[in-house]
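Remarks on the structure that follows.
What follows draws every value from the coordinates through simple rules; no lab data is involved. Keep in mind that this is a model prediction, so the values were computed, not measured. Heads up, the Cβs are rebuilt from the backbone with ideal geometry, glycines too, and the neighbour counts pull from every protein chain shown.
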Amino acid sequence: MAIPEQKAMPSLVDLITALPEGPGWGPQVTSETTLNGVPYAPFSKGDRLGRMADWTDSKDRDGRGGRTQYNRNFRDQQVYGAGSASVFAAPVAEDEASFSVVSNVRDSGKTRFGRGAVFTRGGRGQRGGRGDARAGGRAQLGRGGRGNYGGFDSRGGGRGNAGARGRRFGWKDYDKPARNRDASVNIKADWKLLEEIDFNRLSKLNLDADEGEDIDSYGFVYPYDRSYDKPQVKATERKLNVLDRAVYNVTTSSDPVIQELAEKDEATIFATENILSMLMCAPRSVYPWDIIIVRQGNKIFLDKRENAALDMVTVNENAADAPMDASEGSKDVINQPAALAEEATYINHNFANQVVIENESQKVEMAHENPFYNPAEETEPPASKAYKYRRFDLSTNDEDPVYLVVRTEVDAAQRNATNGEDQFVTVHALNEFDSKAQGSGGALDWRSKLVSQRGAVVATEMKNNSVKLARWTVQSILAKADVMKLGFVSRVNPKKNDQHVILGVVGWKPRDFANQMNLSLSNGWGIVRTIADMCLKREDGDGRYVLVKDPNKSILRLYEVPAGSFDEDDEDVGGVEEEAEAEE
C-alpha cells in the first residue's frame, strides 16, 4: 500500500511572506483626527498609563508641575492625552463674553489668616500711620509743617510701635459679639450736626506752640515723701489710706480766675488741663466722652458737664480685650468698666494725698491762696494742690494772634539735690485689679515682676492705658512740672476692691515719657486749634456746641445745641455772664 506523501510544515518566513500587504492590526493609519466622525486623541503605543484618566495640563499656572507631581515615579513621563485636551473642549458660546457674575457681598477690605484672625487696614498690627498720611493727603495747619503726624490708631498704638505685634486672639475670639457702648450724652432731635471728624484726620493735624508762660499761681503744695521711691517688699508694703482732703475740679466757665482773665482779653481760648488733655489725646480714646464748647463773642470756653465721663480715671481702656460690661455678659461686678473707673478715681485721690509730707514749715506757697477753698464752709483741710494759670501761643500768623489760657495743677514739690531749688511734681497712680481676670490685657503680676521686670510692666501699661497715660503726660507738660510720679497700687485681695497696697513709685521727666509713648504735643495743639476755628468761623455769633466722641467708632461729632440745653442736667455749665448773674 502506498504511503501518502506528507506535506512539509510552512516556515515562519513563509507565513509572513504570505500575509497580504497592509497596515496590519490596530487602527487604520490616517492623518485625520477623527475616526468615523468621532474625535480621538492620538497616542504613542509606547505610552505607559500613570492613571486611568487625566485631563489636567502638565503645568499649572505657576509652572510648578501641578497634578503631574502626584506620583514622583511618573513626573518625568508623558501624560496620556495631555496635549490633546483642547480637542474635547466645548465650543465657546457667542454671548459668553457679555456674561458677568453679580455678587451682593460687600468687600470689607479684611484679610483672614486662620480661624478668627482678622487684620484690617490700619489696624493694631501695623507699624504706624505713614500710609494713612498718603491716603488722606496733607492736613497742614499753620506752622505745623507738612502735617504728616499719623501716630495714633483707634486703640492707641503709636507710630513706630514696633513692639506691637498685632492682636492676640483667644478661644473663640472670632465668635464674640461686637461691643455696643452707650454715648456719654443723649443726642437730642433739635441738635444740629456741624462736623464729623474721624481720628485719621485728627492724627494728621500739626501745630507748633511755645512752651507757655505763667500768668498767675494759686494754692500751695507739700513736699513729696521720697521714701515711696524705694522698692517695696512684701514685709514693708504700705497700705493705701483714706485721707479726707478738699479737692476741687471746677469747670472752665465757673473758675473765678478765668472769668477775670477773660474780661481782660488775655486769650481767645480758655480751658482746664483735664478738659484740654482729653481733647489733645482724643485719637487715643476708646470710651465715649463729651465736651461743651461755649462761644461768647470772639472767645471760646471749653467746659464739661457735672460728673462728666472725662473726670473718671479709666482702666485698660486701650486693651485688646477691654473689661466687659454687664450688658456684654460680664458677671464679675467689681471688674466691670464703671466699677474699675470709680475704684481708680478713688485710688488717685487718696494716693496723691498720702505721698506728701504735711509739714506746714516745708510747704511751698504760691502767690495767692486757693481760689476755691472757703475755710468758713469747709470741714476738711485743703489738699496739697497748686493751680498755675498758663498761656500758650496758638497763632498761625502775626496778623491774627490766638492765645490759649489753661488752668494746670501740680501736686507736690521736691528739693533738687543739685542746685537746691524746688521742683514741681505731678502725682498719679496706676492700679492692678486682677492679672488673671478678663480685661487684664495680659498684665504681669506686679508683686513678683515690678522690681525685676519694671520695664515690661510699664510697657504693658502703656499699651493697655495709652489714653490715660497720655493725658497725665500732657497735663504734666502743660503745668511745666519737672517730674511725673507714677504709683503702682494693687488690691490686697483680687476679689475685693476696697483695700489696696502701694507696691512702688517710679518717676519720669514728662517730655522723656512722652517720647517713649510716641506722644506729640504739636498734634494735640493742631486738634485744639481746628476745633476752636470750627466754632469761631460760625456766623451765628454767640452759641453753644457739644463735641461728642462716638461710643463705638473712632469719630468726633460737633453739634450745635440750643441755649439752655444742659441747664436741667448741669446748672454749672454756661458762659461767664451766666455765672456772674448766678452769683449776684
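Remarks
- Residue in segment 218-236 that is farther than 22 Å from T426 by Cα, in contact (Cβ under 8 Å) with a residue 60 or more places away in the chain and surrounded by 14 or more Cβ atoms within 10 Å (Cβ to Cβ) present: no
- Residues in segment 399-417 that are buried (at least 20 other Cβ atoms within 10 Å of the Cβ) and of a type in the set (G, A, S) were compared, and the one that is farthest from the chain's Cα centre (by Cα) is A413.
- Hey, N206 more than 23 Å from A309 (Cα to Cα) and among the polar types (S, T, N, Q) or not: yes
- D244 being under 34 Å from the mean Cα position of the chain (by Cα) and either crowded, with 19+ Cβ neighbours inside 10 Å or in contact (Cβ under 8 Å) with a residue 60 or more places away in the chain (or both): no
- Single residue of segment 357-394 satisfying the filter (of a type in the set (A, V, I, L, M) and either out of contact with any strand residue (DSSP E or B) (no Cβ under 9 Å at 6 or more places or on another chain) or under 17 Å from N249 (Cα atoms) (or both)) that is surrounded by the fewest Cβ atoms within 10 Å (Cβ to Cβ): A376
- Positions within segment 258-289 being of a type in the set (V, I, T), closer than 21 Å to A341 by Cβ and in contact with a Leu (Cβ under 8 Å, 6 or more places away or on another chain), in sequence order: T272, I275
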